[in-house]
Amino acid sequence: MSRTLVVVGNGMVSHRLVEAVRAEDGHGAWRIVVLAEEPRPAYDRVGLSSYVGEWDATALELSGSGYDGDGHVELRLGDAVARIDREAKVVTTEAGFEQSYDALVLATGSYPFVPPVPGRDLPGCFVYRAIEDLDAIRAAAEQARSHRGRAAGAVVGGGLLGLEAAKALRDMGMSPHVIEMAPRLMPIQVDEGGGALLKRLVEGLDVTVHTGTSTSEIVEDRGRLLAKLGNGTELDLDLLVFSAGIRPRDQLARDAGLDVGERGGVVVDDRCRTSDPSVYAVGEVAAVEGTCYGLVAPGYTMAEIVAAQLAAGNDAATFPGADLSTKLKLLGVDVASFGDAHATTEGSLEVVVNDAVAGTYKKLVVSDDTKTLLGGILVGDASEYNTLRPLVGSELPGDPASIIGPAGGGGGIGVDALPDEAQICSCNNVTKGQITAAITEQSCDTVPKLKACTSAGTGCGSCVTMLPKLLTSCGVEVSKALCEHFTQSRAELFEIIAATRVTTFSELIAKHGKGSGCAICKPTVASILASMAPVIGADRHILDGEQAGLQDTNDHFLANMQKNGTYSVVPRVPGGEITPEKLIVLGEVASEFGLYTKITGGQRIDLFGATVDQLPHIWQRLVDAGFESGHAYGKALRTVKSCVGSTWCRYGVQDSVGMAVALELRYRGLRSPHKLKSAVSGCARECAEARGKDFGIIATDKGWNLYVCGNGGMTPRHADLLASDVDDEMLIKLIDRFLMFYIRTADRLQRTASWLEELEGGLDHLREVIVDDKLGICAELEEAMAAHVANYADEWKGVLDDPDKLARFTSFVNAPGTPDPTISFREEREQKLPVLLGIPAVTGDGRS
Amino acid sequence: MTMADVRTWTAVCEVATVPKAFGVAALLSGGEQVAVFRTEAGEVYAIGNIDPIAGAAVLSRGIVGDAGGVPVVASPIYKERYDLRTGACLDDESVSVPSYPVRVTDGVIHVGSA
């Protein structure tokens, strides 16, 4: 008979605990009942602020948090536990549900601390803790916007959580005020110097900071709020968010007579046991030997410790204390704090480099002999965090001032200086030694292989830039050479072509490569020349002159080669919208030429089984009927899928078909490093599956949300939100820039998803380049796209109009018109299918 | 010399019909399909047109180039490279295609039986 484990609370730590017990409890000795107050399964509360913009709660879901299909776990949502009867070992919920337990784990987390300000309960005052809080803040902001066109908001609290909340308000379109009682922002993490710079940087982002003062009163004022600050300032506001810290939710434990700490929290020992041997506490509610931890990582450690005791009977593990180091990007400003950041160690010394021009503040705390690193603070640029944090407690490889000073090249410490036990990936606890072992013993010679093998860099991603350095330090050369004929990467060849205006492959290989080329470099260069043709003045048609010989067979015959050497034909059907007349033409052509027909995933029709010599005849019919090439054969824009949108659908909020057609016509024929797919959905229901595309657009009631770098395929990836609520014009500008930046910088055959993965700085950098125009190249990118759009011409029409190009579409040069004798078909499901040479069809079961 | 005498030569096309670094397909009198190539350097080669791995007559439609100086064509199906001089597959030793003698007379390419 199994025993019952009751878990009170269903946050991230609770979920980790249940997962860990289930992983270790192979025999199912425990039945687990999770009792949750919140209405939804555990979600990523750490990532709460990312909810703003997409407003998609499913994006915050933790995998497996519903425990679907696990008969050992019962999850009861939306009904908080009201009391614990420790004597009877029974808990009772608010709704009156009773549950007995053999073991009880309290994982109730914490609640937001709201300072006792008069007026704090007025409508318009919020806390910042759960998805529902953000929904409420959003509703208030929108209401204010509908009345006054603009919402004014303030955040009480200038610590980590307060700045997170300020970011959320800013992402909702406000210019928030931040009110912090301490003399500086983030008083726990940074010192006075760091705080001063942080304030300056944050104020540059449209945030008004009030430090050294508190909110003395909030009053209602003509339907709005008036916040009076201690320093005399008065703020007219529509909403105010308290985000001034958290307190452990220990009331349940207090009522049950468990020991609680002086500053709150359920007192537990280093194995997370409370004063009752059947009751444990983990996460933010637990005061481990008197200290509560407001971070998720220590909570996870506690969850693992308790799970080991319950499921494996193993009580060897004890709580080792927690590394409270943090590295954050708050409102786009890097802030990192690690080790003994405030130099509390006796005799410790501080070395500070404060560069007001560069906007960086760096402090190292070292031992009195300046040899051992104890901690540090980095503001404005935290790139050295990855190498410095693992060195805490170890000897520094050089003079501390030169490590953080501009004189040291700003390079900090090389990876070689790190000891093997230095933790590189703190999300997944991967050490340098584990990574170098994967490189040298398991021959992981690329960043993606290292990620797959060690999990390093798969959490927050902040350590990804360390991986290539470790590869290099292990002697793995990350070669960028395109092939044996070019030592340059695709991106470098692009720059060479753009700068020197070389317009032919032969000139390029003579000047910058060697040999005569191959099936890798020829199509790559052909693609670059096609992308740049209108800008550099290269031949316009991809089969003009020498370019024809560079093309892969698909591009060469403007059709997709299938396994028996025949081709399939895909005319463009923009947005998937097609007239009945055109649909009939497709059917007639397929019937006349005996082609197998299939609807594609991109909302168009594929006609299979055409021989080389049939292609021009088929296309003559199609072009006459108003069709044009669909570029299904090219590394180019394929389709822009759409749902039916607001014109027909009861739920649609924008005309998704119209936008899809416009985008498909704008970018048709655009050659790129790999195929490009897109989709437009008319509402948040997302029927067009836009987030599985290289660029996906989802309608909002205010405009469009643009998502980039998704794909389906072998490694599916949801696209990331790049911009929200933009209008038509801005949407097209951003896509123009995005596509051209990708075409310029990606590797050969690199889809946008893996391009973004390897892009240094990731999505933030991408946003800086194409939204904020940090590199000042947006105008150039837009011009290049405008040239493409202006010069588009249908490739198939170009062939039909040119006898020289047409002459290449022949079966045998010495016997034109003779069909290829090796091509034969059989019939199945009333259509013809290819039969391959030497692979006869097996009759009987209808399969070959 | 005696060997050459028993060979059957098929006139395929004018050299100018095949652009440099290009291939065309031709039918020999015995019904065999050959892929005829002209390299960047202007040399003409002929090998079997049927890709032995894919089982489809497609090699004439591959990209012509070189691998370490060896003239090659890459199959358009799975990209294995074949030595235009010998028909040997560079990427899979277990397969090869036949190679055919070629001569150019009066600007016309002729392919001999294998």
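Looking at A:L471, is it within 14 Å of chain B (Cβ to nearest Cβ) and at pLDDT below 95?
So A:L471 does not fit the description; no.
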### Query
So, of the residues in the range A:562-580 that are touching a residue at least 40 places away in the same chain (Cβ under 8 Å) and not in a loop (DSSP other than H, G, I, E, B), which turns out to be nearest to the other protein chains (Cβ to nearest Cβ)?
A:Y567
### Query
Where in the range A:753-826 are there helices (runs of 4 or more DSSP H), lying wholly inside it, with at least 3 residues that are out of contact with any Cys (no Cβ under 6 Å at 6 or more places or on another chain) and within 30 Å of B:C13 (Cβ to Cβ)?
A:795-800, A:803-806
### Message
Please list, ordered by residue number, the strands (runs of 3 or more DSSP E) wholly in the range A:672-748 having 3 or more residues that are under 25 Å from A:I777 (Cβ atoms) and over 20 Å from the mean Cα position of the chain (by Cα).
### Response
none
### Query
If A:C778 passes every condition in (1) in contact (Cβ under 8 Å) with a residue 40 or more places away in the chain; (2) crowded, with 21+ Cβ neighbours inside 10 Å but one, which one does it miss?
(2)
### Task
Kindly establish whether B:V64 is over 12 Å from the mean Cα position of the chain (by Cα) and within 12 Å of another protein chain (Cβ to nearest Cβ).
no
### Message
Out of B:A25, B:A54, B:A16, B:A41, I need the residue that is among the small types (G, A, S) and part of a strand (DSSP E or B). Which one?
### Response
B:A25
### Query
Does B:G42 satisfy the condition of being of a type outside the set (A, V, I, L, M), more than 9 Å from chain A (Cβ to nearest Cβ) and out of contact with any helix residue (DSSP H, G or I) (no Cβ under 7 Å at 6 or more places or on another chain)?
yes
### Query
Is at least one residue of the range A:650-659 assigned by TED's automatic domain parsing to the domain that holds A:D764, assigned to a loop (DSSP other than H, G, I, E, B), in contact (Cβ under 8 Å) with a residue 24 or more places away in the chain and closer than 27 Å to A:F494 by Cβ?
no
### Task
Taking B:G31 as meeting all but one of (1) closer than 14 Å to B:R103 by Cβ; (2) within 10 Å of chain A (Cβ to nearest Cβ); (3) modelled with pLDDT under 90, write down the number of the exception.
(1)
### Message
Can you tell me how many residues within the range A:581-612 are in a strand (DSSP E or B) and among the small types (G, A, S)?
### Response
2
### Task
Tell me which residues, restricted to the range A:269-295, are under 21 Å from A:R129 (Cβ atoms) and crowded, with 17+ Cβ neighbours inside 10 Å.
A:A281, A:V282, A:G283, A:E284, A:V285, A:A286, A:A287, A:C292, A:Y293, A:G294
#### Entry: Filter result for A:G537 (under 21 Å from A:A790 (Cβ atoms) and free of Cβ contacts under 8 Å to residues at least 60 places away in the same chain)
yes
### Task
Identify, from the list A:A625, A:A632, the residue that is of a type in the set (A, V, I, L, M), in the same structural domain as A:Y707 (by TED's automatic domain parsing) and out of contact with any helix residue (DSSP H, G or I) (no Cβ under 6 Å at 6 or more places or on another chain).
A:A632
### Task
Test A:A499 against the stated conditions and say whether it is farther than 22 Å from B:R38 by Cβ and either buried (at least 22 other Cβ atoms within 10 Å of the Cβ) or without any contact (Cβ under 8 Å) to a residue 40 or more places away in the chain (or both).
yes
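So, in the range B:90-109, of the ones that are touching a residue at least 24 places away in the same chain (Cβ under 8 Å) and in a strand (DSSP E or B), which residue ends up nearest to B:S75 (Cα to Cα)?
By that ranking, first place goes to B:S96.
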### Task
Please go through the range A:291-323 and pick out each residue that is closer than 20 Å to A:V267 by Cβ and assigned to a loop (DSSP other than H, G, I, E, B).
A:Y293, A:G294, A:L295, A:D315, A:A317, A:T318, A:F319, A:P320, A:G321, A:A322
### Query
Of (1) under 20 Å from A:Y633 (Cα atoms); (2) at the interface with chain B (Cβ under 10 Å from one of its Cβ atoms); (3) part of a helix (DSSP H, G or I); (4) of a type outside the set (D, E), A:M532 satisfies all except one. Which?
(2)
### Query
Which one is surrounded by the most Cβ atoms within 10 Å (Cβ to Cβ) among residues in the range A:457-496 that are of a type in the set (D, E, K, R) and not in a loop (DSSP other than H, G, I, E, B)?
A:R490
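Has the range A:508-526 got at least one residue that is surrounded by fewer than 16 Cβ atoms within 10 Å (Cβ to Cβ), more than 30 Å from A:V46 (Cβ to Cβ) and within 13 Å of chain B (Cβ to nearest Cβ)?
Filtering the range A:508-526 for residues surrounded by fewer than 16 Cβ atoms within 10 Å (Cβ to Cβ) gives A:510-511, A:514.
Cutting the leftovers down to more than 30 Å from A:V46 (Cβ to Cβ) gives us A:510-511, A:514.
Restricting the remaining residues to those that are within 13 Å of chain B (Cβ to nearest Cβ) gives A:510, A:514.
Yes: the range A:508-526 contains one or more residues that are surrounded by fewer than 16 Cβ atoms within 10 Å (Cβ to Cβ), more than 30 Å from A:V46 (Cβ to Cβ) and within 13 Å of chain B (Cβ to nearest Cβ).
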### Query
What are the residues in the range A:162-188 that are buried (at least 24 other Cβ atoms within 10 Å of the Cβ) and not β-branched (V, I, T), if any?
A:G162, A:L163, A:A165, A:A166, A:A168, A:L169, A:M174, A:P176, A:E180, A:L185, A:M186
#### Entry: Residue that is farthest from A:V335 (Cα to Cα) [pool: residues in the range A:135-165 that are in contact with a Ser or Thr (Cβ under 8 Å, 6 or more places away or on another chain) and in a helix (DSSP H, G or I)]
A:A165
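Please specify each residue of the range B:5-16 satisfying the condition of being touching a strand residue (DSSP E or B) at 6+ places or on another chain (Cβ under 8 Å) and either away from chain A (no Cβ under 11 Å) or at pLDDT below 90 (or both).
B:R7, B:T8, B:W9, B:V15
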### Any chance A:G626 is modelled with pLDDT of 95 or more, part of a loop (DSSP other than H, G, I, E, B) and surrounded by fewer than 23 Cβ atoms within 10 Å (Cβ to Cβ)
yes
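The values are calculated or read from the model by the stated rules, or taken from the named source; none is laboratory data. The model shown is predicted, which means the values in this text are computed figures rather than measured ones. Methodologically, a virtual Cβ is constructed for each residue, glycine included, from the backbone with ideal geometry; neighbour enumeration extends over all protein chains shown.
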